[in-house]
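Visitor: One structure, pasted below without further comment.
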Amino acid sequence: MAPSGYRMRTWARGGTTRVLVLTEDGAFAARGQIAVPGPGRPAVVDQVETSPAHRRRGLGSLVMRTLANAAVEVGASAAVLGATIEGRALYESLGWRTDGPLTGLIREALPTMPR
């Protein structure tokens, strides 16, 4: 259940469950999604985000708990995610553990690659 002043929408399609938290007037507050490839398989959490104006209100925890419950309901065996440094404290407070470093790489222009 969303805190006072917010509303949450959850929907699933094609093995992916999405959560969206909006303010009462419809402004974006938080979101996330989780894909479960099948029962007994690990789920993948992605695109978890809380708007800076709405942080420290429990919305990230709400999104993550909702996603975890959805994964359990369809039989996920475990879950993985790639976290930002800022998000790490949230995930660890919810029982996640750091397994190894993750490096973000960007390439501005993709060259044509030989086939």
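The values are calculated or read from the model by the stated rules, or taken from the named source; none is laboratory data. This is a predicted model, so every value here is computed, not measured. Positions of Cβ are generated from backbone atoms using ideal geometry, with glycine treated the same way; all protein chains shown enter the neighbour counts. The area values use the complete protein model at the heavy-atom level, side chains included, leaving out ligands, DNA and RNA. Shrake-Rupley method; radii C 1.70, N 1.55, O 1.52, S 1.80 Å.
Visitor: What residue, of LEU94, LEU90, LEU59, is more than 12 Å from the chain's Cα centre (by Cα), over 22 Å from GLY15 (Cα atoms) and of a type in the set (A, V, I, L, M, F, W, C)? Full working, then the answer.
Guide: Numbers: LEU90 fails: more than 12 Å from the chain's Cα centre (by Cα); LEU59 fails: more than 12 Å from the chain's Cα centre (by Cα).
Of the residues listed, the single one that is more than 12 Å from the chain's Cα centre (by Cα), over 22 Å from GLY15 (Cα atoms) and of a type in the set (A, V, I, L, M, F, W, C) is LEU94.
Visitor: Now a separate question. For residues in the range 64-96 being surrounded by 12 or more Cβ atoms within 10 Å (Cβ to Cβ) and of a type in the set (D, E, K, R), which is nearest to ALA35 (Cα to Cα)?
Guide: Filtering first and then ranking leaves ARG65.
Visitor: Scan the range 19-33 for residues that are over 16 Å from ALA83 (Cα atoms) and surrounded by fewer than 20 Cβ atoms within 10 Å (Cβ to Cβ) and report the count.
Guide: Of the residues in the range 19-33, 8 are over 16 Å from ALA83 (Cα atoms) and surrounded by fewer than 20 Cβ atoms within 10 Å (Cβ to Cβ).
Visitor: Is one or more of the residues making up the range 34-51 within 14 Å of the chain's Cα centre (by Cα), on the phi > 0 side of the Ramachandran plot and open to solvent by 40 Å² or more (accessible area, probe 1.4 Å)?
Guide: Checked the range 34-51: at least one residue is within 14 Å of the chain's Cα centre (by Cα), on the phi > 0 side of the Ramachandran plot and open to solvent by 40 Å² or more (accessible area, probe 1.4 Å).
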